[in-house]
Amino acid sequence: MKPTLKTTTLVFAGGALGTWGRWLIGEGTAWFVASSAPSGYSVWFDPTFLMLAIVNILGSAALGFVNAHKSFQTDEKRAFWAVGFCGGFTTMSTLAVWNLATFSLISVGLVFAMFAAGIVAYGAVNKWSR
């Protein structure tokens with residue numbers, strides 16, 4: 001993909017849409033945890049971790065779809081959906097900060113489980129969408 005004004009604009013627009021989607025999921029997750037989790041902090045009911053798991057696994061699946069499906073094979077569509085949307089939707093920096101803030105054997109295990117689930121989601125959806 002050549003970096004042109006058009007593809008750069010599409011990456012920016014896709015990234016804005018993906019980031020907005022991540023924010024919506026974060027807000028929904030915070031509301032869900034606040035309304036249904038037991039009182040007291042638990043890494044299992046941490047809204048940040050739940051949001052991270054949802055967006056990173058869904059984003060990996062979406063990237064698997066976009067990379068394999070024949071209707072996304074143009075540079076413009078890949079710029080918007082793969083680089084922009086999936087790049088803005090998923091987040092590694094928040095995951096790193098969360099893991100540092102909650103560092104424990106459980107949080108490290110959850111991060112590895114999230115990576116494994118993301119890889120499986122990418123592979124399964126990529127294979128299915130061919």
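The values are calculated or read from the model by the stated rules, or taken from the named source; none is laboratory data. Keep in mind that what you see is a predicted model, and the values were worked out from it rather than measured. Because the Cβ atoms are built from the backbone with ideal geometry, glycine has one as well, and the counts that use them run over all protein chains shown. Side chains are part of the model used for accessible areas, which takes the heavy atoms of the whole protein and leaves out ligands, DNA and RNA. Shrake-Rupley method; radii C 1.70, N 1.55, O 1.52, S 1.80 Å.
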So I have [x] 13, 50, 34, 2; [y] 10, 31, 30, 19, 8, 1; [z] 13, 36, 32, 15, 3, 0, and one of them is P(r) over Cα pairs in 10 Å bins from 0, in percent calculated from this model. Which one is it?
[z]
In the chain, what percent of the accessible surface is made up of carbon and sulfur (1.4 Å probe, ligands and nucleic acids excluded)?
74 percent
Nearest 10 degrees is fine. How inclined is helix 5-36 to the longest principal axis of the chain, computing both from alpha carbons?
20 degrees
Accessible area in square angstrom per residue, segment 8-77, 1.4 angstrom probe
58 Å²
Taking R0 as 25 Å, what's the FRET efficiency between R130 and M92 from their Cβ-Cβ distance, rounded to 0.05?
0.40
Multiplying the sequence separation of F103 and A13 by 0.36 nm and subtracting their Cα-Cα distance, what value in nm do you get?
29.0 nm
Gaussian network model of the chain, Cα springs within a sub-10 Å range: biggest mean-square fluctuation belongs to which of G14, G109, G118?
G109
Mean residue ellipticity (222 nm) of the chain, computed from DSSP H runs ≥ 4 via -39,500 (n - 2.57), nearest 500
-23500 deg cm²/dmol
Quick one: if the Förster radius is 41 Å, what FRET efficiency do A37 and H69 give, using the C-beta to C-beta distance and rounding to 0.05?
0.65
